[in-house]
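Reviewing the structure listed below.
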Amino acid sequence: MELIKDIDLISAEEAQACDFKTTPELSTGKAKKVYIESYGCQMNFSDSEIVASIMKENGYDTTSDVSTADVVFLNTCSIREKAEQTVRNRLVHFNGIKKHKPDMTIGVLGCMAERLKEKLLEEEKIVDLVVGPDAYRELPQLVATAEEGLKAINTFLSREETYADISPVRLNSNGVSAFISIMRGCDNMCSFCVVPFTRGRERSRDPQSIVAEAKNLVENGYKEVTLLGQNVDSYKWSPEENNKARLSKKEKEVSKVINFAQLLEMVAQVSPTLRVRFSTSHPKDITDEVLHTIQAYDNICKYIHLPVQSGNSRILELMNRTYDRDWYLDRVKAIREIVGEDCGISSDMIAGFCTETEEEHQDTLSLMDQVRYDFSYMFYYSERPGTLAAKKYADDIPLEIKKRRLAEIIEKQTQLSLLRNRQDMGKTQLILIDGISKKSNEELKGRNSANKVVVVPAKGLALGDYVRVKITDCTAGTLFGEVLEINPSLT
Ligand code: SAH
Ligand code: SF4
Ligand code: F3S
């Protein structure tokens, strides 16, 4: 029992399910206040910045204190059952506050809103408003509707909406690093996954608006951007594809398709002092062209999040991932050859998917050994209603076995992280300082190109500094460095 509790504590699933971000206090003297609590993935956090921007334009400041809020939004995640349970508990909590503040409007946004739709209004009498991820422009009107005591719901999924023209209000920002959404939705149909149902069809955002957002961030002192999408390698934009109706015949003729490698290059060219990261790469779509682009630019970070989910080809087929073990290992080989041995590679893993045998689980462990991941997000399978797997396969691996397999995966990853970190010892690396070390005010932390946290003595350093360091020590989770040079020339 104790073991299972320990596993729960260290598994990324738990961390992700309980981890949420709230809005900071941004007071500009507006009449009303909105409090937003965000769950789930980086794309959801990025959406909350769009929501804050839309609400700001309509007379709302953000607040970090829910008791002062006129409107409370929970931007929710449906990826695993536990994520939804956390939100339900929070709704009960907010309803307690509402008893003393009956005018407060409570809204559910994001993936749970999209998945449960009217059910949320009907079952949970504590929800006043339900808005899916493509309907945020309607939020101010829907809040007004809810305030009149009427049913306020919009879960329409769009084929076009990318919020390209909305300038996000940067929430919880360190002023150094920011996220830019480059696409929305997902056209893959991984059998375990709820995202295609909650986020709708894949669509890419106009590259010019992405470059403009990156330039604006540089002008405001930011040093790092992360380009976000569920499957960035399938980014594809052309005036013709994305804007069919409005183009003249001539415009259609000159229309050029921009793929992810080209977009990456365009953003890298914004400034040599702007670091560029991206997530998530799908193993079936990542091309050698993308790898060559990463290699060609010093400011594109040498780090790829390439979720494998399982190391066994039969399970991968059941998961509908559309690649097998050999294909995946071939992509890793290409990364090592083109980008280099030091390129950081991380993964997502699912333990105990339907019908997984002990040998098939061993295949996941052996693949991890072969790839030598720097880091992984690890989960046990959680059946989601409406997905292909829920319809076709029984969720037949007992919870204790799922948890034991997950524990073995986590243990393997801890060993590999330590092994990979030890390989960095003695090396000189460039890090970007992005925060204070958790353990001591005398130390700051930054990230190296491979996305590993490096802790250094704080003396003489500030947030946003680039620092050349020599790695002197490490644990499985952290590197420790000695400062060699502050803000070296990067051009
Ligand atoms: N688009 C990304 C993943 C987004 S969801 C990709 O394709 O890699 C993030 C991770 O959550 C997934 O990679 C998967 O490992 C995990 N996940 C998704 N659905 C799950 C489920 N039903 N049970 C357990 N883990 C799940
Ligand atoms: Fe889900 Fe698969 Fe799409 Fe990722 S690629 S969001 S796992 S369906
Ligand atoms: Fe969760 Fe939706 Fe992201 S289900 S992981 S918030 S896309």
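On a straight-distance basis, which lysines could pair with LYS56 in a cross-link, Cα separation under 21 angstrom, same-chain partners fewer than 8 positions away excluded?
LYS21, LYS30, LYS32, LYS33
Collect residues whose amide H, placed 1.01 Å from N in the peptide plane, falls under 5 Å from the amide H of ILE300; neighbours closer than 5 in sequence don't count.
VAL276
Once amide H atoms are built 1.01 Å from N in the peptide plane, which residues 5 or more positions from VAL308, or in another chain, come under 5 Å H to H?
Hits under the 5 Å cutoff: ASP348.
Of the options LEU463, LEU432, ASN451, report the single residue whose Cα projects farthest towards the positive end of the charge dipole of segment 428-486 (beta-carbon charges: Lys, Arg +1; Asp, Glu -1).
Sorting the options by dipole projection puts first ASN451.
Segment 264-282 to segment 298-316: how many Å between their Cα centroids?
Answer, in whole Å: 18.
Looking at the chain, send over the antiparallel percent of its DSSP beta bridges, to the nearest 5.
40 percent
Kindly provide the pair-distance distribution of the chain built from C-alpha pairs, with 10 Å bins from 0 and whole-percent values in order of increasing distance.
4, 18, 28, 28, 17, 4, 0
I'd like the carbon and sulfur percentage of the solvent accessible area for segment 12-154, probe radius 1.4 Å, heavy atoms only, ligands and nucleic acids excluded.
Carbon plus sulfur share of accessible area: 49 percent.
Please compute the per residue accessible area over the chain with all protein chains in place, 1.4 Å probe, rounded to a whole number of Å².
Per residue, the chain has 44 Å² of solvent-accessible surface.
So which of LYS117/LYS236; LYS82/LYS392; LYS402/LYS439; LYS284/LYS445; LYS403/LYS427; LYS333/LYS439 end up more than 26 Å apart, counting from Cα to Cα?
From the list (LYS117/LYS236; LYS82/LYS392; LYS402/LYS439; LYS284/LYS445; LYS403/LYS427; LYS333/LYS439), the Cα-Cα distance tops 26 Å for LYS117/LYS236; LYS402/LYS439; LYS284/LYS445; LYS403/LYS427; LYS333/LYS439.
Find the all-direction average of the projected area of the Cα convex hull for segment 260-336, expressing the result in square nanometres with one decimal place.
If you wrap the Cα atoms of segment 260-336 in a convex hull and average its projections, you get 4.9 nm².
May I ask for the distance between the Cα centers of segment 157-184 and segment 320-398, given as a whole number of Å?
Comparing the Cα centres of segment 157-184 and segment 320-398, I get a distance of 29 Å.
What does the helix-only formula give at 222 nm for the chain: each DSSP H stretch with n ≥ 4 adding -39500 (n - 2.57), the total divided by the residues, and the result rounded to the nearest 500 deg cm²/dmol?
Roughly -11000 deg cm²/dmol at 222 nm, from the helical runs in the chain.
Starting from a Cα-only point model with no solvent, please compute log10 I(q)/I(0) by Debye for segment 428-486 at q = 0.13, 0.20, 0.24 1/Å.
Values, matching the q order: -0.24, -0.59, -0.89.
Ignoring any ligand, DNA or RNA, what whole percent of the accessible area of segment 428-486 comes from carbon and sulfur when the probe is 1.4 angstrom?
Heavy-atom surface of segment 428-486 belonging to carbon and sulfur, 1.4 Å probe: 50 percent.
For the chain, what does the relative contact order come out to in percent, with C-alpha contacts under 8 Å and a separation of six or more?
Reported relative contact order: 10 percent.
The values are calculated or read from the model by the stated rules, or taken from the named source; none is laboratory data. What you see is a predicted model; the values in this text were computed from it and never measured. As a convention, Cβ positions derive from the backbone with ideal geometry for all residues, glycine included, and neighbour counts pool all protein chains shown. All accessible areas refer to the heavy atoms of the entire protein, side chains included, with ligands and DNA or RNA removed. Shrake-Rupley method; radii C 1.70, N 1.55, O 1.52, S 1.80 Å.
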